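Below you'll find the structure, written out as C-alpha cells, and then a few comments.
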Amino acid sequence: MKGVVSGLLKRRAELGPPDAVLVALAVGLLGFGIVIVYSASTIEGVGLKHPDPQFFLKRQTVYAVLALAVMAVASSFDYQKLRPLTYAILGVACAGLVAVLVVGVVAGGAKRWINLGPVNIQPSEVAKLALVLWLGHSLAKKGDLVKTFKLGMLPHLIMAGILIMLCMKQPDFGGAVVLALLTFILLFVAGARFELLVVTGVVASAVGLALVRSRDYRWERILAWLDMNEHRQDLAYQPFQSVMSFGSGNFGGVGLGDGYQVLYLPEAHTDFVSAIVGEELGFVGVLGLGLTYLVIVARGVRTALRAEDDYGAYVAFGISTLFGIQSLFNLAVAMALLPTKGLTLPFVSYGGSSLLASAAAMGVLLNISRSRFAVNNKRVDEGPAPEASATLVTEADFAPEGPDGGTR
C-alpha cells in the first residue's frame, strides 16, 4: 500500500498541478451536497424504513469521502493509460446494463439498480463515462474519416444506440437522452458533416417521440406536465411541489434547515435536491449553484482546448458536456421546465453511484488539465542544453512557439 501511495505521489509530481479551480469547485460541491442532503432527508430518515434522522447524512458522507479518494487516484493516473482499457471499460458498462435487467432492484417502477448488500449500483452512471472514453478514443483514431457516414458516424451511432436501448429497457429515459446528446455533441465537435447530423437528429427525435407515445405512462406524464395545476394531486404532484419550493424561497431563502417542502416533496434528497436549495437558500443559492456548474463546464472546455492530443481533447470536452447536460436537465426538471426524467445533480444529489461516477469523471478531467504542464516540463528537462533544469519553467515555456523555435 505504501508503494502504491508513493507511486501516485511521484506521478503527481511529474504531471504538475491540476486545474485548481476545478478542484476547489468539485470539493466545494461535495461538501455542499452533504449539507443539503442532510437538510432534505431528515424527514425521510425518520420514516419506518430508516428510523434514523441522520441515516442519509452518514451514507452521503461516506460516499463523499470515497469520491474524494476516487478523484485523487483518477487525477494521478495518466489518462493516456486509460486508452488501452477503453473496450474493457465499455464492456463492463454494457454488462452492467444487461445485468440490471436480470437481477436489478425495482424502485419507482424502474429496474435501474443492482443490489450489492449495503449499496446499490446504478450501471447507467458508469455507461455515461464509458461512452465518453470510447467516443474520445474512436474519434481521435478516425480523424477526418468522421466526416463520412459509413465509417465516421454509423459505428458511433450503433454503439450509442445499444447503450440507449439497454437504458430504455429499464426504463431510464433520462439516461438515454444524456447518452444521445453526448454522442451528437462529440460528433459535432469532431467535425462530422452538419447535414448528416441534422438528418440523424430528426430521425432520432422521431424515434424518441414514438417511444414516448408507445407507453401510456410516459404520455400521461407529458400531459400532466403540460397541465400541472389540473394534475397537482396525482401525476404532477412531485414537479408541482418542487415549483412550490422554488417559489417559497424568494430571493434569499427561508434559511438552511428551515424549509417545509421536505414534508411534501417526495425523494427531495435525490433528483429534486435543487428544489430544497431553492427554498432554503432562495434565488441567490440557485444562481450560485448554476454559476458553479457553468464555471466547471467552462474550465473543462478550456482543458479540452489545451489538451496535448485529440484523445484528451475529446474526453475533456465529453466530460464537460456530461456535467453540463446533467446539471442543466436536473435544474430544468426541478423547475418544471422539462418533464420528470430522473437525473441526479452531479456531486450534490444523494447516491453513491452518481457521486463516484462524477468523481471518476472529474479525476480524468483534472488529469488532462495537468498534461500541458507535463509536455512543457518534459521539453525543458530533455532539452539539449545540460544547464537547463526544471527551475527554468516560466511563463515563457507555456507560450506558443514561433516559426523560428522561439516564443511569440
Just to be sure before I move on: is PHE173 farther than 26 Å from LEU101 by Cβ, out of contact with any strand residue (DSSP E or B) (no Cβ under 6 Å at 6 or more places or on another chain) and not charged (D, E, K, R) in the structure I sent? no
For the range 327-337, name all the residues that are part of a helix (DSSP H, G or I), in contact with a helix residue (DSSP H, G or I) (Cβ under 9 Å, 6 or more places away or on another chain) and surrounded by fewer than 24 Cβ atoms within 10 Å (Cβ to Cβ). LEU328, PHE329, LEU331
Please work out if ILE43 is surrounded by fewer than 22 Cβ atoms within 10 Å (Cβ to Cβ), assigned to a helix (DSSP H, G or I) and at pLDDT below 90. yes
Looking at the structure I just gave you, is PRO346 touching a residue at least 12 places away in the same chain (Cβ under 8 Å), farther than 28 Å from VAL62 by Cβ and not in a helix (DSSP H, G or I)? no
Could you list all residues from the range 164-191 that are under 16 Å from PRO123 (Cβ atoms) and surrounded by fewer than 18 Cβ atoms within 10 Å (Cβ to Cβ)? MET165, MET168, LYS169
Would it be correct to say that PHE317 is of a type in the set (Phe, Trp, Tyr), at pLDDT 95 or above and either within 18 Å of the chain's Cα centre (by Cα) or surrounded by fewer than 19 Cβ atoms within 10 Å (Cβ to Cβ) (or both)? yes
Quick check on my filter: what residues within the range 8-39 are over 23 Å from LEU365 (Cα atoms) and either at pLDDT below 90 or touching a strand residue (DSSP E or B) at 6+ places or on another chain (Cβ under 8 Å) (or both)? none
Select from the range 182-218 the residues that are in contact with a helix residue (DSSP H, G or I) (Cβ under 9 Å, 6 or more places away or on another chain) and β-branched (Val, Ile, Thr) and write down the one among them that is farthest from GLY109 (Cα to Cα). VAL189
What number of residues within the range 69-100 satisfy the criterion of being charged (D, E, K, R) and assigned to a helix (DSSP H, G or I)? 2
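Conditions (1) farther than 30 Å from LEU57 by Cβ; (2) in contact with a Ser or Thr (Cβ under 8 Å, 6 or more places away or on another chain); (3) not aliphatic (A, V, I, L, M), marked per residue:
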{"site": "LEU209", "(1), (2), (3)": "yes, no, no"}
{"site": "SER214", "(1), (2), (3)": "yes, no, yes"}
{"site": "TRP219", "(1), (2), (3)": "yes, no, yes"}
{"site": "LEU223", "(1), (2), (3)": "yes, no, no"}
{"site": "LEU226", "(1), (2), (3)": "yes, no, no"}
{"site": "GLU230", "(1), (2), (3)": "yes, no, yes"}
{"site": "PHE240", "(1), (2), (3)": "no, no, yes"}
{"site": "MET244", "(1), (2), (3)": "no, no, no"}
{"site": "TYR260", "(1), (2), (3)": "no, yes, yes"}
Residues being among the basic types (Lys, Arg) and assigned to a loop (DSSP other than H, G, I, E, B): count how many of those fall in the range 46-68. 1
Go through the range 320-362 and give me each residue that's under 12 Å from the mean Cα position of the chain (by Cα) and over 30 Å from LEU223 (Cα atoms). SER320, PHE347, SER353, LEU355, LEU356, ALA357, SER358, ALA359, ALA360, ALA361, MET362
Here, helices (runs of 4 or more DSSP H) confined to the range 192-294 with at least 3 residues that are among the aliphatic types (A, V, I, L, M) and loosely packed, with under 13 Cβ neighbours inside 10 Å are 194-214
Where residues in the range 149-163 are crowded, with 22+ Cβ neighbours inside 10 Å and of a type in the set (A, V, I, L, M, F, W, C), which of them is farthest from LEU133 (Cα to Cα)? MET153
Considering each residue of the range 124-170, count those that are of a type in the set (Val, Ile, Thr), within 16 Å of TYR87 (Cα to Cα) and free of Cβ contacts under 8 Å to residues at least 40 places away in the same chain, and give that number. 1
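The values are calculated or read from the model by the stated rules, or taken from the named source; none is laboratory data. Note that the structure is predicted; figures quoted are calculated from it, not measured. For neighbour counting, all protein chains shown are included, and Cβ atoms are generated from backbone atoms with ideal geometry for every residue, glycine included.
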